[in-house]
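Derivation of every value follows stated rules applied to the coordinates shown; laboratory data play no part. Note that this is a predicted model, so its numbers are computed, not measured. Because the Cβ atoms are built from the backbone with ideal geometry, glycine has one as well, and the counts that use them run over all protein chains shown.
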Amino acid sequence: MSGSDSKRRVLAIVTNYGVEQDELVVPVEHLRGRGAQVDVAALKKDDIETLVGDKDPGRTVRPDLTLDDVDPAAYDLLLVPGGTLNADTLRLQRTACDIVRSFTASGRPVAAICHGPWLLVETGSVRGKRLTSYASLQTDVRNAGGDWVDEPVVTDESGGWKLITSRDPGDLDPFRKEIDAALAGRP
């Protein structure tokens, strides 16, 4: 990113426990390093305790704000990291679902990795979309009307908004490249 691209605003939404460390930290640090303003919103202002492989303690991350304090209209892209516990809890939060709906209804891109697409299943946002996720979500995605595929990164622009998905932390490089492309293409 350079010039006007460096003014891009990205919102990452998570719970305070269980987000997969690299699926949050790697994209956030990458985007901040390229000049984007990235805000991490959690359920509470308490520290976010990340996990590695859904079981080992990871880095602690300080949220910038709570989900209730988010103005979704202020952001250019929504990042939904995975982690089984994080994603399962996040999809039960009305505010998180409302944030997703704000992005999809206004045509702004959403990037979800690993178990993150569970939130999109919950909001009905995957119907008619081609996407990937952690393999255990494929039945949920298909039952919600999505076309699940096993690929490192999938970008689908149908339905008036862009969805970027990846399977797991091993796919972070192509995932970040697609996020960069989506932000570069934003008016």
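Identify all residues within segment 141-165 that are of a type in the set (Val, Ile, Thr) and either touching a helix residue (DSSP H, G or I) at 6+ places or on another chain (Cβ under 6 Å) or in contact (Cβ under 8 Å) with a residue 24 or more places away in the chain (or both); write none if there are none.
Answer for segment 141-165, where residues must be of a type in the set (Val, Ile, Thr) and either touching a helix residue (DSSP H, G or I) at 6+ places or on another chain (Cβ under 6 Å) or in contact (Cβ under 8 Å) with a residue 24 or more places away in the chain (or both): Val141, Val153, Val154, Thr155, Ile164, Thr165.
Listed residues Pro63, Pro117, Pro57; which is without any contact (Cβ under 8 Å) to a residue 24 or more places away in the chain and out of contact with any Gly (no Cβ under 6 Å at 6 or more places or on another chain)?
Pro57
Does Pro63 satisfy the condition of being of a type outside the set (S, T, N, Q), crowded, with 18+ Cβ neighbours inside 10 Å and over 20 Å from Cys114 (Cα atoms)?
Yes, satisfied.
Spot the failing condition for Asn86; the list is (1) of a type outside the set (A, V, I, L, M); (2) outside any helix (DSSP H, G or I); (3) farther than 21 Å from Pro174 by Cα; (4) out of contact with any Lys or Arg (no Cβ under 8 Å at 6 or more places or on another chain), and only one is missed.
(2)
Can you name the helices (runs of 4 or more DSSP H) wholly within segment 90-145 that have at least 3 residues being among the β-branched types (Val, Ile, Thr)?
The helices (runs of 4 or more DSSP H) meeting that bar are 94-106.
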